[in-house]
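*Asks:* Got a structure here, written out as structure tokens. Questions coming.
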Amino acid sequence: MTHYDPIARFYDADHADFDDDLPFYRELARRSGDPILEAMCGSGRLLVPLAQAGRRITGIDTSAEMLALAHERLASEGLLGRATLIEGDVRVPIAGGPYAIAMIALNSFMHLVNTAEQIAVLKNMHAALRPGGLLALDLFNPNPRLLAEYDNELVFDKAFTLADGTRVQKFVAQQIEAASQINHVTFIYDELSQEGFVKRHTAPFRMRWVYRYELEHLLARTGFQLESLYGNYDLDEYRSDSDILLAVARRVE
């Protein structure tokens, strides 16, 4: 069981409306073709619309609960024939391929908390891609001033409602270790009953941020050439104050 299993239905609902990155991935797929690999795919937020667009896509994740939600969503849309789901860890060799595109969306690469894990995953992505295939990584852009403000204070993030009508409140606490570039994150989802009772679900995990040239070095070490670096999903040039660090690299070895 991964740390996402107990909170899968909350995380899924929490991110269900986020599609800012979808046009980027749709265009990347149009440009490069099939098949597509989404590593750390979660509950299928991107798998479903890309399959709906006619793409053949494989999603891999360590969380059985997340993949169950992805399977349910794909089945409800009649898309199981276009998508393959694999319960697995991308730190070991990846099944299938060769893929035209491999992607790790929405900060998921940051779950790799040391250089050895990062290199292992990038090498596995490289091996899964066809020659000349593309890799897309969507990362948090580290702002030292903002990071310094994380002091493990519990902060209300949002309120939302599950499909069954359950009301949920989400809180987040973050605390950094600057020397190791580790952010200790805790998600808390409070399930509110109609009778006024609260059932709390807590998920602590670690995330490691990377800087621009650190990322370029990791890519170069693992057989990739950086093609583009963007600061948002509108593909504006990356800057120090950009919202994200969005990299597109090509397999060159």
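The values are calculated or read from the model by the stated rules, or taken from the named source; none is laboratory data. Predicted model, so just to flag it, every value in this text is computed and none were measured. Neighbour counts are summed over all protein chains in view; Cβ atoms, including those assigned to glycine, are modelled from backbone coordinates with ideal geometry.
*Asks:* Considering only residues that are closer than 16 Å to ASP14 by Cα, polar (S, T, N, Q) and touching a helix residue (DSSP H, G or I) at 6+ places or on another chain (Cβ under 9 Å), which ones fall in the stretch 170-217?
*Replies:* THR202
*Asks:* Check off (1) part of a loop (DSSP other than H, G, I, E, B); (2) on the phi < 0 side of the Ramachandran plot; (3) touching a residue at least 12 places away in the same chain (Cβ under 8 Å) for GLY96 and give me the number that stays unchecked.
*Replies:* (2)
*Asks:* Go through LEU106, LEU122 for me and flag whichever is in the same structural domain as TYR25 (by TED's automatic domain parsing), in contact with a Phe, Trp or Tyr (Cβ under 9 Å, 6 or more places away or on another chain) and assigned to a loop (DSSP other than H, G, I, E, B).
*Replies:* That would be LEU106, the only listed residue that is in the same structural domain as TYR25 (by TED's automatic domain parsing), in contact with a Phe, Trp or Tyr (Cβ under 9 Å, 6 or more places away or on another chain) and assigned to a loop (DSSP other than H, G, I, E, B).
*Asks:* Are any residues in the stretch 26-44 surrounded by fewer than 23 Cβ atoms within 10 Å (Cβ to Cβ) and in a loop (DSSP other than H, G, I, E, B), and if so, which ones?
*Replies:* GLY33, ASP34, PRO35
*Asks:* Quick check, is GLY59 of a type outside the set (Lys, Arg) and under 15 Å from the mean Cα position of the chain (by Cα)?
*Replies:* Criteria met by GLY59.
*Asks:* Could you list all residues from the stretch 147-168 that are farther than 14 Å from HIS184 by Cα and surrounded by fewer than 10 Cβ atoms within 10 Å (Cβ to Cβ)?
*Replies:* ALA163, ASP164, GLY165
*Asks:* Then there is this: Whether any residue in the stretch 9-17 is in a loop (DSSP other than H, G, I, E, B), surrounded by fewer than 18 Cβ atoms within 10 Å (Cβ to Cβ) and without any contact (Cβ under 8 Å) to a residue 40 or more places away in the chain is what I want to check.
*Replies:* So far as the stretch 9-17 goes, yes, one or more of its residues are in a loop (DSSP other than H, G, I, E, B), surrounded by fewer than 18 Cβ atoms within 10 Å (Cβ to Cβ) and without any contact (Cβ under 8 Å) to a residue 40 or more places away in the chain.
*Asks:* Another question, then. Which residue pairs have Cβ atoms closer than 6 Å, lie 6 or more positions apart in sequence or on different chains, and pair a first residue in the stretch 144-167 that is at positive phi with a second residue that is part of a loop (DSSP other than H, G, I, E, B)?
*Replies:* Taking only residues 6 or more apart or on different chains, not a single pair turns up.
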